[in-house]
Amino acid sequence: MAPLLSSPLLQTLLALGLCAAQTASASALASPAAAARTVTYDFNISWVAASPDGFSRPTIGVNGQWPPPTISADLGDTVVVNVVNALGNQSTSLHFHGLFMNGSTELDGPAQVNQCPIPPGSSFTYQFKATQPGLYWYHSHVQGQYPDGLRAPLLIRDPDHPYRGQYDDEVLLSVSDWYHDQMAVLIPQYLHGGSMMSQEPVPDANLLNDTQGLRIAVVPERTYLVRLVNMAAFAGQYFWIEGHSVRIVEVDGVYTKPAETAMIFLSSGQRCSFLVTTLAGRDRNYPLVASMDPSLTKIRNSASQNATAWLVYAPDQPLPQPQIIDEFDPLDDVTLEPYDEMPLLPQPDQSIVLSLGMSHAGGIKWFFNSTRYTAPEIPSLYTALSSGPSATNHSIYGSTTNPFVLQHNSVVEIILYNHHMVRHPFHLHGHNFQAVYRSPKKAGSFFDSGLVEGDFPRTPIRRDTLLLENGGFMVLRFRADNPGVWLFHCHMEWHVETGLVATFVEAPLELQEQHRDRPLPALSCGSPDSHEHEEDAGVPEEEHETSPESQESKKAGRSSTISTAVLVMVVFIVAMAGLAFTVQLRIKKRRSGSTKQNTAAPNANLQVEQERLLESSTSWESMDVFDEGSVIESAKPPLDLEEMGRGSR
């Protein structure tokens with residue numbers, strides 16, 4: 001974690017950009033100390049060799065180091081992250097998972113949704129106010145990139161933490177699955193491997209704090225606030241400390257009433273903070289275990305399934321291996337109660353039913369309501385901001401973005417069905433939601449369940465990521481009070497890359513009003529094909545120099561004006577979008593039942609190491625990652641995407 005310098009106050013001139021245009025550098029102006037600061041991180045993102053489990057591979061690091069730094073700020077601070085893409089062969093972006101980005105949807109990060117990806121050699125600045133205390137994390141949101149290493153915790157400290165005074169010290173932990181192969185190899189293998197069981201790639205290792213064999217020195221009879229984030233690409237994690245119980249006090253940035261448990265489960269993307277009081281003696285040490293969810297995949301061996309750390313009471317005593325357990329019995333997080341006792345939102349103004357499915361036809365595809373998400377040529381935010389009154393018409397966003405237009409300040413309910421054999425974690429950008437109800441496995445239909453309002457909790461827990469049981473359903477509610485374009489998707493990265501994504505266009509007319517005085521920067525996303533294969537992982541910079549297509553893409557990425565060709569493309573896409581349609585599900589009537597902080601790039605010349613890593617990293621260029629011509633099939637009659645106007649997206 002980088003140190004925080006509290007004396008300087010930085011005033012940052014930000015050239016706000018939806019796409020990967022050049023942004024102005026932050027200028028630091030000395031001023032008296034203030035309660036709220038501007039905390040600045042300079043991220044030079046590049047390939048770095050790392051071996052967290054003893055196997056060396058190229059990873060995506062920051063400022064020549066891996067793992068990337070934790071972003072840390074105090075409530076009320078302004079956070080500035082200046083990104084320079086020095087990968088040389090992949091575009092990138094950053095998503096700050098769990099942060100709402102109120103009034104700044106253009107900074108949410110997903111490529112082709114809120115911004116164009118940041119091309120190699122270009123820069124982009126993310127600037128936001130730290131208004132949500134708690135534990136979050138940041139990660140790339142381009143082409144399945146974050147499992148290659150571009151992810152780290154993000155912590156916003158609260159001077160008025162409701163449990164302050166009840167703990168003596170803090171510990172920050174991350175858990176993550178880990179692969180030896182790069183995503184540029186694994187994604188095509190998964191998409192076109194031909195397995196009828198759609199077996200997702202099996203992780204090679206499990207990591208705690210991006211290492212193995214972690215030792216945490218503790219003092220007897222002290223209470224620690226432990227913050228834990230699951231940054232996995234795929235695996236949910238069971239977590240426990242032998243001989244200790246814990247009290248959960250926060251999940252996904254929402255304070256909870258204390259809930260005691262011996263075991264916690266976190267799906268990919270979820271976070272949890274808990275209090276643990278150490279024991280009295282110093283005669284032994286205790287294993288702390290993170291274990292991958294065995295229901296998801298066949299683990300290669302027990303060594304790769306578990307990550308074991310130790311609470312070290314006695315450095316001179318052995319580190320015992322964890323005991324074998326008969327079953328996993330974690331706390332049900334839906335039973336948690338929010339500390340603020342926010343009541344259940346009223347019955348919804350708008351209901352969205354999403355039924356997830358999967359097809360093997362032409363390669364693995366995941367979809368909502370028989371439609372597999374395909375990224376649009378033009379970022380959906382651009383479409384919303386440039387379409388005037390038509391922005392409220394979902395069809396202009398293209399049927400294959402799975403678009404839903406939300407009315408401002410409406411109560412939105414999502415009813416989500418899982419017809420698949422495994423569990424899926426779902427994440428909502430721009431909001432958290434109330435976990436109104438989650439069914440057990442194989443529960444059938446919500447509408448046949450007999451559930452009424454009186455069956456729901458009066459003060460449901462809020463999360464931004466929640467696990468959906470196999471064969472089950474869940475009911476989520478949130479208020480659409482944050483105009484923007486927000487994704488809702490499975491947080492297994494394999495399923496994001498194969499289409500299990502929906503787009504929520506929230507209050508587009510209010511969004512246009514917010515951006516009336518913020519002119520759109522140059523549109524520099526390039527062609528759709530260049531971004532579906534785009535990242536060209538491992539293509540040396542020299543190849544980009546000699547490739548006309550690459551040179552054209554670079555010019556587009558740095559353009560300061562929208563070219564005539566792009567304007568024509570916008571008109572074409574809007575026209576073609578009129579041909580698209582989205583399957584609308586009728587909702588049965590509800591039964592009533594009532595400091596400049598700088599992690600600047602090191603001065604050491606990394607050119608030699610960069611070139612070596614570029615040569616050893618893998619190229620996307622020749623890989624057919626997305627099968628654009630295929631038609632999605634499911635148990636329902638398939639949608640003929642070609643006839644629907646696939647080109648409109």
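Would you mind stating whether residue 98 is in contact with a strand residue (DSSP E or B) (Cβ under 9 Å, 6 or more places away or on another chain) and surrounded by fewer than 20 Cβ atoms within 10 Å (Cβ to Cβ)? So residue 98 fails the test. Checked against (1) small (Gly, Ala, Ser); (2) buried (at least 17 other Cβ atoms within 10 Å of the Cβ); (3) modelled with pLDDT of 50 or more; (4) assigned to a loop (DSSP other than H, G, I, E, B), residue 20 passes all but a single condition, namely (3).
Determine if segment 295-302 includes at least one residue that is touching a Phe, Trp or Tyr at 6+ places or on another chain (Cβ under 9 Å) and within 29 Å of residue 222 (Cα to Cα). There is no residue in segment 295-302 that is touching a Phe, Trp or Tyr at 6+ places or on another chain (Cβ under 9 Å) and within 29 Å of residue 222 (Cα to Cα). Selection over segment 105-124 of residues that are more than 14 Å from residue 487 (Cα to Cα) and out of contact with any helix residue (DSSP H, G or I) (no Cβ under 9 Å at 6 or more places or on another chain) gives a count of 2. Looking across segment 413-430, the residues that are surrounded by fewer than 22 Cβ atoms within 10 Å (Cβ to Cβ) and part of a loop (DSSP other than H, G, I, E, B) come down to 419, 420, 421, 422, 423.
When the strands (runs of 3 or more DSSP E) confined to segment 346-409 are screened for residues that are closer than 30 Å to residue 199 by Cβ, those reaching at least 1 such residues are found at 350-359, 365-368. Please go through segment 360-388 and give me each residue that is of a type outside the set (Lys, Arg), under 20 Å from residue 473 (Cα atoms) and surrounded by 20 or more Cβ atoms within 10 Å (Cβ to Cβ), ordered by number. Passing the criteria: 366, 367, 368, 369, 371.
Got at least one residue in segment 173-180 being out of contact with any Pro (no Cβ under 7 Å at 6 or more places or on another chain) and among the acidic types (Asp, Glu)? Checking segment 173-180: not a single residue is out of contact with any Pro (no Cβ under 7 Å at 6 or more places or on another chain) and among the acidic types (Asp, Glu). For segment 208-248, the strands (runs of 3 or more DSSP E) that sit wholly inside it and include 1 or more residues that are touching a Lys or Arg at 6+ places or on another chain (Cβ under 6 Å) and either outside the structural domain of residue 179 (by TED's automatic domain parsing) or of a type in the set (A, V, I, L, M, F, W, C) (or both) are 223-230.
Among the residues of segment 35-80, those identified as among the aromatic types (Phe, Trp, Tyr) and crowded, with 21+ Cβ neighbours inside 10 Å are 41, 43, 47, 66. Going by the conditions given, is residue 153 at pLDDT 95 or above, surrounded by 24 or more Cβ atoms within 10 Å (Cβ to Cβ) and within 22 Å of residue 49 (Cβ to Cβ)? Spelling it out, it is not the case that residue 153 is at pLDDT 95 or above, surrounded by 24 or more Cβ atoms within 10 Å (Cβ to Cβ) and within 22 Å of residue 49 (Cβ to Cβ). Can you find even one residue in segment 98-121 that is touching a Gly at 6+ places or on another chain (Cβ under 6 Å), modelled with pLDDT of 95 or more and within 30 Å of residue 275 (Cβ to Cβ)? Scanning segment 98-121 turns up at least one residue that is touching a Gly at 6+ places or on another chain (Cβ under 6 Å), modelled with pLDDT of 95 or more and within 30 Å of residue 275 (Cβ to Cβ). Taking (1) under 28 Å from residue 205 (Cα atoms); (2) under 26 Å from the mean Cα position of the chain (by Cα) in turn, residue 355 satisfies each apart from (1).
The residues of segment 71-100 that are more than 22 Å from residue 431 (Cα to Cα) and assigned to a loop (DSSP other than H, G, I, E, B), listed by number, are 86, 87, 88, 89, 90, 91.
Contact map, segment 226-250: first residue on the phi > 0 side of the Ramachandran plot, second residue among the basic types (Lys, Arg) and outside any strand (DSSP E or B), Cβ cut-off under 8 Å, separation 6 or more or different chains; the map is empty. Scanning segment 446-465 for residues that are in contact with an Asp or Glu (Cβ under 8 Å, 6 or more places away or on another chain) and outside any loop (DSSP other than H, G, I, E, B) yields 462, 463, 465.
Put simply, of 275, 345, 279, 381 the only residue that is at pLDDT 95 or above, under 29 Å from residue 445 (Cβ atoms) and among the hydrophobic types (A, V, I, L, M, F, W, C) is 345. Residue 170 fulfils the conditions (1) assigned to a loop (DSSP other than H, G, I, E, B); (2) modelled with pLDDT of 95 or more except for a single criterion, (1). Checked against the criterion of being modelled with pLDDT of 95 or more and within 17 Å of residue 366 (Cβ to Cβ), the candidates 431, 427, 419 yield just one match: 427.
Restricting attention to segment 129-153, the residues that are part of a strand (DSSP E or B), under 17 Å from the mean Cα position of the chain (by Cα) and not hydroxyl-bearing (Ser, Thr, Tyr) total 7.
The values are calculated or read from the model by the stated rules, or taken from the named source; none is laboratory data. In this text the structure is predicted, and so the values were computed from the model without any measurement. For neighbour counting, all protein chains shown are included, and Cβ atoms are generated from backbone atoms with ideal geometry for every residue, glycine included.
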